[in-house]
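What follows is a short report on a single structure.
The values are calculated or read from the model by the stated rules, or taken from the named source; none is laboratory data. Because the structure is predicted, anything quoted here is derived from the model rather than measured. Backbone-built Cβ (ideal geometry, glycine too); neighbour counts: all protein chains shown. Note: areas computed on protein heavy atoms with side chains; ligands, DNA, RNA excluded. Shrake-Rupley method; radii C 1.70, N 1.55, O 1.52, S 1.80 Å.
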Amino acid sequence: MKNHISRRDWQRLSAYVDGQLPKNQQARLRQRLSEEPALQLALDDLRLMRSGLRELPKMRAPRNFSLTPEMIGQRKRSARIYTSFRLASVLSSLLFILVMFGDIFTLGYSGQQLSVPVAESVAPAAPIEEKELEEAPESEMAEPSFSAVVEDEAGQISVEKSAEQGLDVVEEAQEDQVDPNVNRQTADDELPIMDGDTEMMTQGEVDSEIPKGDIVSWRIINTIEVVLAGLAFATGLVAFFLRRRGRI
Amino acid sequence: MDEATLIQAARRGDLDAFNRLVLDYQDMLYNQAYRVIGEPDAAEDATQEAFISAFRKLRTYRGGSFKSWLLRIVTNACYDELRRRKRRPVAPLEPITRDGDDVESPYWLIDPSESPEESVQRSELAQAIQHCLNQLSPDFRMVVVLVDVQGLDYSDAAQIIEKPLGTVKSRLARARQRMQVCLAKFRELLPPTFRLKEEASS
């Protein structure tokens, strides 16, 4: 079969046969069909071939393609398992991020809280030591204790006041001496009430006491973080392989 | 129950409702798969995969032509099958009788209303056309089968293969041109009117 039809003409004929050629181009093509026999012959051939294709026998299904519950159940079950693992992976990842950020945040807050009680316990020692140095040469005591300083001060106060107020001051001093634990705290001096047997805490003791509970909780948090990270990774990996297996 | 009701029921997980739709459309889908892939066993696999996929993806069906929606799914299944066969080419097995002879007319093509001679002739022409279809590239073949074999219009075909209308027109024209060149080799199988026109032109 000789065919000298250009590709563009063939496309126009193909669209014309299917009624897909724009109306303005249809008129032009009809005119050319009347003038060019080769073009008309190509159109006839095209129509015959198209009808041959349309008349191809319709294939009937060789068997029943109805679905069984097993066909759907297998896929559904595996889809459910895959979805569960994927969800577990996502949740584990989110929890891990939450715990990690919470850990970072509470670590900073705990650090601030730790420094305050240490400062409070250290601060009172300084003024007490200063007073000890001041009073030591006057009272001539080898190791002045806090109660001794209080008694000394009470004694000095009573001596100074007796010149001005007489017996009332002496009585006052005696009362104070009877009860050496009277709190002489002023607004500026917030010293804790301490017995003679009370020992001052050193910095090392403060450091070792307070963080122990925090160390334990930090270890627990770290363990949780590791567990969550491992869980997220493991479930994500299982979900990945399940999906991959489903594709094959 | 009408089709819309069956679809709604199937979307809720009613497998029986879906299987009624399968019975209505399995011939059309198998026909599409067979004409595109060119082999009955592979066409069966693609058809079954298409129906399983359709049941799973029923939630994505948003109305419109259910036929076109199913054809899109079987089109994708055919492409998957063709890609698989490209990676692992297999020698096509022709059906054989008990005596070991090739069956040139598969039983599902036999039309009891025509004479044996007509039946053979029609069968051989169909095989010639299928042979020429198999020579086309998958993209060209798909468009020819959708438009010329299934009788869809250009817009439906464009929707199914997810390509622009211009692409459908272009591919169809080129596919038809190549089909015509190929069919010229089987002149003796062509209908008499066709042959007379050819002789007049040569």
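Considering A:61, A:38, which residue is aliphatic (A, V, I, L, M) and surrounded by 15 or more Cβ atoms within 10 Å (Cβ to Cβ)?
Details: A:38 fails: surrounded by 15 or more Cβ atoms within 10 Å (Cβ to Cβ).
It is A:61.
Looking at the structure I just gave you, is residue B:37 crowded, with 18+ Cβ neighbours inside 10 Å, out of contact with any strand residue (DSSP E or B) (no Cβ under 9 Å at 6 or more places or on another chain), of a type outside the set (Ser, Thr, Tyr) and farther than 30 Å from residue B:129 by Cβ? Spell out the reasoning first.
Details: crowded, with 18+ Cβ neighbours inside 10 Å: yes; out of contact with any strand residue (DSSP E or B) (no Cβ under 9 Å at 6 or more places or on another chain): yes; of a type outside the set (Ser, Thr, Tyr): yes; farther than 30 Å from residue B:129 by Cβ: no.
Criteria not met by residue B:37.
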Restricting attention to the range A:16-33, does a residue exist that is within 11 Å of chain B (Cβ to nearest Cβ) and either part of a helix (DSSP H, G or I) or over 17 Å from residue B:165 (Cα atoms) (or both)?
-> yes
Enumeration of residues in the range B:48-68 that are under 20 Å from residue B:14 (Cα atoms), in a helix (DSSP H, G or I) and touching a helix residue (DSSP H, G or I) at 6+ places or on another chain (Cβ under 8 Å) = B:49, B:50, B:51, B:52, B:53, B:54, B:55, B:56, B:58, B:59, B:66, B:67
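Being within 24 Å of residue B:130 (Cβ to Cβ) and exposed (fewer than 14 other Cβ atoms within 10 Å of the Cβ) is the requirement here; does residue A:47 meet it? Write out each step before concluding.
Working: within 24 Å of residue B:130 (Cβ to Cβ): yes; exposed (fewer than 14 other Cβ atoms within 10 Å of the Cβ): yes.
For residue A:47, the condition - within 24 Å of residue B:130 (Cβ to Cβ) and exposed (fewer than 14 other Cβ atoms within 10 Å of the Cβ) - is met.
Yes or no, residue by residue, for (1) in contact with a Lys or Arg (Cβ under 9 Å, 6 or more places away or on another chain); (2) at pLDDT 90 or above; (3) open to solvent by 20 Å² or more (accessible area, probe 1.4 Å); (4) within 12 Å of residue A:67 (Cα to Cα):
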site	(1), (2), (3), (4)
B:5	no, yes, yes, no
B:14	no, yes, yes, yes
B:23	no, yes, yes, yes
B:31	yes, yes, no, no
B:49	no, yes, yes, yes
B:70	no, yes, no, no
Among (1) in a helix (DSSP H, G or I); (2) open to solvent by 40 Å² or more (accessible area, probe 1.4 Å); (3) among the charged types (D, E, K, R); (4) at pLDDT below 85, which single condition is residue B:114 missing?
-> (1)
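Hey, among the residues in the range A:199-248 that are within 30 Å of residue B:80 (Cβ to Cβ) and at pLDDT below 80, which one's least open to solvent (accessible area, probe 1.4 Å)?
Keep residues of the range A:199-248 that are within 30 Å of residue B:80 (Cβ to Cβ), which gives A:235-248.
If we keep only those that are at pLDDT below 80 as well, we get A:243-248.
Working: A:243: 121, A:244: 131, A:245: 163, A:246: 60, A:247: 178, A:248: 170 Å².
In this case the residue turns out to be A:246.
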Screening B:133, B:152, B:183 for residues that are crowded, with 21+ Cβ neighbours inside 10 Å, facing chain A (nearest Cβ under 10 Å), in contact (Cβ under 8 Å) with a residue 24 or more places away in the chain and under 13 Å from the mean Cα position of the chain (by Cα) leaves only B:133
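Do you know which of the residues in the range B:16-43 that are free of Cβ contacts under 8 Å to residues at least 12 places away in the same chain and under 19 Å from residue A:72 (Cβ atoms) is nearest to the chain's Cα centre (by Cα)? Break it down into steps so the answer makes sense when it comes.
Step one: of the range B:16-43, the residues free of Cβ contacts under 8 Å to residues at least 12 places away in the same chain are B:16, B:19, B:23, B:27, B:34.
Next cut, under 19 Å from residue A:72 (Cβ atoms) only: B:16, B:19, B:23.
Details: B:16: 26, B:19: 21, B:23: 17 Å.
The extreme case among them is B:23.
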Identify all residues within the range B:1-41 that are more than 8 Å from chain A (Cβ to nearest Cβ), among the hydrophobic types (A, V, I, L, M, F, W, C), in a helix (DSSP H, G or I) and over 23 Å from residue A:55 (Cα atoms); write none if there are none.
-> B:4, B:6, B:7, B:9, B:10, B:17, B:21
Matching residues, the range A:43-63, being modelled with pLDDT of 90 or more, over 17 Å from residue B:127 (Cα atoms) and either within 60 Å of the chain's Cα centre (by Cα) or within 7 Å of another protein chain (Cβ to nearest Cβ) (or both) | A:44, A:46, A:61, A:62, A:63
Residue A:66 passes all but one of the listed conditions (1) touching a helix residue (DSSP H, G or I) at 6+ places or on another chain (Cβ under 6 Å); (2) in a helix (DSSP H, G or I); (3) over 30 Å from residue B:125 (Cβ atoms); (4) within 14 Å of another protein chain (Cβ to nearest Cβ); the exception is number (2)
